[in-house]
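Visitor: The structure is given below, and queries will be raised subsequently.
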Amino acid sequence: MTSKRPRRIILTGASRGLGLEFTRSWLAAGHHVFALARSASTSDGLAKLAADHGDALHRLDMTVADEQSVVRTCEQIGETWDAADLLLNNAGIYKHKGDTLADLDLDDCLESIKVNTLGPIRMARALRPLLRKGNQPRIINMTSLMGSLADNSSGGSWGYRMSKTALNMASRNMAHELASDGIIAVVIHPGWVRTDMGGVGAPLTIEEAVASMTRAMDNFTIAQAGGFYDRNGAPLPW
Ligand SMILES: NC(=O)c1ccc[n+]([C@@H]2O[C@H](COP(=O)([O-])OP(=O)(O)OC[C@H]3O[C@@H](n4cnc5c(N)ncnc54)[C@H](OP(=O)(O)O)[C@@H]3O)[C@@H](O)[C@H]2O)c1
């Protein structure tokens with residue numbers, strides 16, 4: 001993005017992990033943020049940022065798994081802002097229970113799809129009116145290399161993998177449909193990162209992953225819409 005004016009950014013999964021660090025770094029850069037999560041109002045990390053940044057940060061409790069929750073929340077955002085420049089669909093879950101064809105928990109698979117796939121679709125639909133009025137608007141959908149068919153050399157993690165593969169397809173559809181509004185939609189893989197989800201064995205720190213993804217997100221052009229990228233903005237295999 002070429003413009004240096006403060007951006008109006010909305011992100012899900014802001015209470016901890018990657019989302020909390022994105023929120024911190026955007027506020028530090030002078031941007032305005034709506035930080036959403038199921039526990040946005042009780043997140044210590046977000047409370048500290050609210051104390052430091054005042055009106056630039058808004059916190060709302062919301063679950064991306066529920067249509068009414070998303071619609072209500074996005075209406076509230078619309079009462080404060082008349083436009084938005086960036087939606088980061090970052091909220092995600094990784095269910096571990098049962099991981100073979102024999103013991104796979106299908107309800108967990110459905111829950112993963114509800115959150116990881118349908119959540120970003122709900123958010124994009126509810127926020128399209130604000131995004132189309134934004135400055136160089138974009139939707140960044142946080143996927144995983146585990147959703148790549150080409151990269152799946154081990155199997156396992158059924159629900160998570162399927163939910164992210166489906167998100168990749170949804171993101172390509174978003175890119176097609178939202179191009180007429182000037183909205184760029186992509187999926188990005190953060191790398192394996194030391195968060196609650198990634199665990200202590202992950203090689204990347206949250207700060208490293210967020211710094212590189214922030215640069216990549218800023219540089220995506222309409223020609224790259226619909227793509228699948230790593231944290232540095234390089235294409236990944238579907
Ligand atoms: N860490 C990695 O190595 C890695 C690798 C590849 C992809 N990713 C992806 O990166 C994204 C962020 O991951 P992370 O590692 O930061 O995970 P994390 O530390 O587990 O944080 C997940 C975030 O999502 C929120 N969330 C979960 N379910 C939600 C729901 N139903 N509605 C709204 N918010 C919800 C959580 O907040 P509440 O609990 O307060 O709702 C939390 O803020 C995810 O999409 C994940 O799949 C991570």
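Taken together, the values in this text are just the output of simple stated rules run on the coordinates, not laboratory data. None of the values given here were measured: they were computed from a predicted structure. Because the Cβ atoms are built from the backbone with ideal geometry, glycine has one as well, and the counts that use them run over all protein chains shown.
Visitor: Can you give me the number of residues within segment 88-107 that are within 15 Å of the ligand (Cβ to nearest atom) and over 25 Å from the mean Cα position of the chain (by Cα)?
Guide: 0
Visitor: Taking segment 30-73, which residues are near the ligand (Cβ under 9 Å from one of its atoms), of a type outside the set (Gly, Ala, Ser) and not in a helix (DSSP H, G or I)?
Guide: 36, 38, 61, 62, 63, 64, 66
Visitor: Residue by residue through segment 196-220, note down the ones that are part of a loop (DSSP other than H, G, I, E, B), touching a strand residue (DSSP E or B) at 6+ places or on another chain (Cβ under 7 Å) and either small (Gly, Ala, Ser) or surrounded by fewer than 14 Cβ atoms within 10 Å (Cβ to Cβ) (or both). Don't jump to the end; show me each part of the working.
Guide: Step one: filter segment 196-220 for residues part of a loop (DSSP other than H, G, I, E, B), giving 196-203, 205, 220.
If we keep only those that are touching a strand residue (DSSP E or B) at 6+ places or on another chain (Cβ under 7 Å) too, we end up with 202, 220.
Result: 202, single match.
Visitor: Is it the case that segment 145-156 has a residue that's crowded, with 19+ Cβ neighbours inside 10 Å, assigned to a helix (DSSP H, G or I), within 12 Å of the ligand (Cβ to nearest atom) and of a type outside the set (A, V, I, L, M)?
Guide: Yes: one or more hits.
Visitor: Now for a different question. Pick from 138, 215, 132, 161: which is more than 9 Å from the ligand (Cβ to nearest atom) and under 16 Å from residue 89 (Cα atoms)?
Guide: Values: 215 fails: under 16 Å from residue 89 (Cα atoms); 132 fails: under 16 Å from residue 89 (Cα atoms); 161 fails: under 16 Å from residue 89 (Cα atoms).
Only one candidate passes the filter, namely 138.
Visitor: Okay, next question. Give just the number: which of (1) farther than 30 Å from residue 223 by Cβ; (2) away from the ligand (no atom under 13 Å from the Cβ); (3) of a type in the set (Ser, Thr, Tyr) does residue 25 not satisfy?
Guide: (1)
Visitor: Restricting to segment 221-238, and then to whatever is among the small types (Gly, Ala, Ser) and surrounded by fewer than 18 Cβ atoms within 10 Å (Cβ to Cβ), can you tell me which residue is farthest from the ligand (Cβ to nearest atom)? Don't jump to the end; show me each part of the working.
Guide: Restricting attention to segment 221-238, the residues satisfying the condition of being among the small types (Gly, Ala, Ser) are 223, 225-227, 233-234.
Narrowing the set further to residues that are surrounded by fewer than 18 Cβ atoms within 10 Å (Cβ to Cβ) leaves 223, 234.
Working: 223: 25, 234: 16 Å.
My answer is 223.
Visitor: All but one of (1) within 10 Å of the ligand (Cβ to nearest atom); (2) among the acidic types (Asp, Glu); (3) touching a helix residue (DSSP H, G or I) at 6+ places or on another chain (Cβ under 6 Å) hold for residue 111, so report the exception by its number.
Guide: Going through the list (1) within 10 Å of the ligand (Cβ to nearest atom); (2) among the acidic types (Asp, Glu); (3) touching a helix residue (DSSP H, G or I) at 6+ places or on another chain (Cβ under 6 Å), residue 111 breaks only (3).
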